[in-house]
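Trainee: Have a look at the structure that comes next, please.
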């Protein structure tokens, strides 16, 4: 177990270095406007994701469980989810510019993880459930999708102010396509957040005898869900697109970050372990 955790620790710090290097390359890409730098940055980010995955697998093997049960593990998995979703968009839409906004978020999340306790502890009784993997995994995918949706919203808001239109036209989709991609990302996030809340309620009933206890994290997860559900309703029923939808996507992700970091710091409850 000790050897595996040592190897996981080494990989973790290598991943931090790779994400930092990717961040530098992405910023150089949009500064000096050399296409090769964008491809290099995406390649480095992809390598970071591969080693990040290996580190999580090693920790899971060493702990004898899924690495999803404390602040360190969830933070690094949160970063992993955003990295994965962003790379899907980068490769699918040839959209390396999104990495310029995503990479700093990855650094912040992985840096936050590095400040948490990395001790492997035995699971508390409430966490010894088959719902653990599904509940936390869907939360990671939801948070990652919301993060990408927010970044796309920010790019949408900045799109018309970007100079050197030849470069931006090659690397940033038109506003209409940005709006559509952000919408799809938010829909994916809302779907998985719905799974997260439902599975959490079922798990809570089995663990504590109540589907809902108004724990701070439960409450703020519901607030987040309502914000994105309102976004979806206004878009479908009222035709909200463009700037208003982009602002909604950014505000929603701020709520996601508060649900994860702020609630754990300021409003401790039964979810304080993650």
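Trainee: Note down all Cβ pairs under 7 Å where the first residue falls in segment 101-120 and is at negative phi, the second is assigned to a loop (DSSP other than H, G, I, E, B) and surrounded by fewer than 17 Cβ atoms within 10 Å (Cβ to Cβ), and they're at least six residues apart or on different chains.
Mentor: No pair meets every condition.
Trainee: For residues that are closer than 25 Å to residue 184 by Cβ, without any contact (Cβ under 8 Å) to a residue 40 or more places away in the chain and surrounded by fewer than 18 Cβ atoms within 10 Å (Cβ to Cβ), tally how many sit in segment 210-234.
Mentor: The number of residues fulfilling the criteria is 7.
Trainee: Separate question: Looking only at segment 63-107, how many residues end up being surrounded by fewer than 17 Cβ atoms within 10 Å (Cβ to Cβ) and closer than 21 Å to residue 176 by Cα?
Mentor: 5
Trainee: Scan segment 29-52 and give yes if some residue there is within 27 Å of residue 201 (Cα to Cα), part of a helix (DSSP H, G or I) and at pLDDT 85 or above, otherwise no. Before the answer, list the steps.
Mentor: Kept after step one, since they are within 27 Å of residue 201 (Cα to Cα), are these residues of segment 29-52: none.
There is no residue in segment 29-52 that is within 27 Å of residue 201 (Cα to Cα), part of a helix (DSSP H, G or I) and at pLDDT 85 or above.
Conditions tested, residue by residue: (1) in contact with a helix residue (DSSP H, G or I) (Cβ under 8 Å, 6 or more places away or on another chain); (2) in a helix (DSSP H, G or I); (3) at pLDDT 75 or above; (4) closer than 17 Å to residue 193 by Cα.
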residue	(1), (2), (3), (4)
218	yes, yes, yes, yes
223	yes, yes, yes, yes
229	yes, yes, yes, yes
236	no, yes, yes, no
255	yes, yes, yes, yes
260	yes, yes, no, yes
269	yes, no, no, no
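Trainee: Can you tell me which residues in segment 14-29 are under 19 Å from residue 167 (Cα atoms) and surrounded by fewer than 21 Cβ atoms within 10 Å (Cβ to Cβ)?
Mentor: Within segment 14-29, 24, 27, 28 qualify.
Trainee: Here is a follow-up. Residues that are assigned by TED's automatic domain parsing to the domain that holds residue 32: list the helices (runs of 4 or more DSSP H) wholly contained in segment 87-204 that include at least 1 such residues. First the steps, then the outcome.
Mentor: On the way: elements: 98-114, 131-158, 165-171.
Qualifying helices (runs of 4 or more DSSP H): 98-114.
Trainee: When the residues of segment 154-172 are narrowed to those that are closer than 17 Å to residue 33 by Cβ and surrounded by 20 or more Cβ atoms within 10 Å (Cβ to Cβ), which ends up modelled with the highest pLDDT? Step through it out loud before you land on a result.
Mentor: Initially, segment 154-172 is screened for residues closer than 17 Å to residue 33 by Cβ, giving 155, 158-159, 161-172.
Remaining after also requiring surrounded by 20 or more Cβ atoms within 10 Å (Cβ to Cβ): 155, 172.
Details: 155: 88, 172: 79.
Only one residue fits best here, namely 155.
Trainee: For segment 108-128, check the following and say yes or no: at least one residue is crowded, with 23+ Cβ neighbours inside 10 Å and under 30 Å from residue 178 (Cα atoms).
Mentor: Checked segment 108-128: at least one residue is crowded, with 23+ Cβ neighbours inside 10 Å and under 30 Å from residue 178 (Cα atoms).
The values are calculated or read from the model by the stated rules, or taken from the named source; none is laboratory data. It should be emphasised that the depicted structure is a prediction, and the values quoted were computed from it without experimental measurement. All Cβ positions, glycine included, derive from the backbone under ideal geometry; neighbour counts span all protein chains shown.
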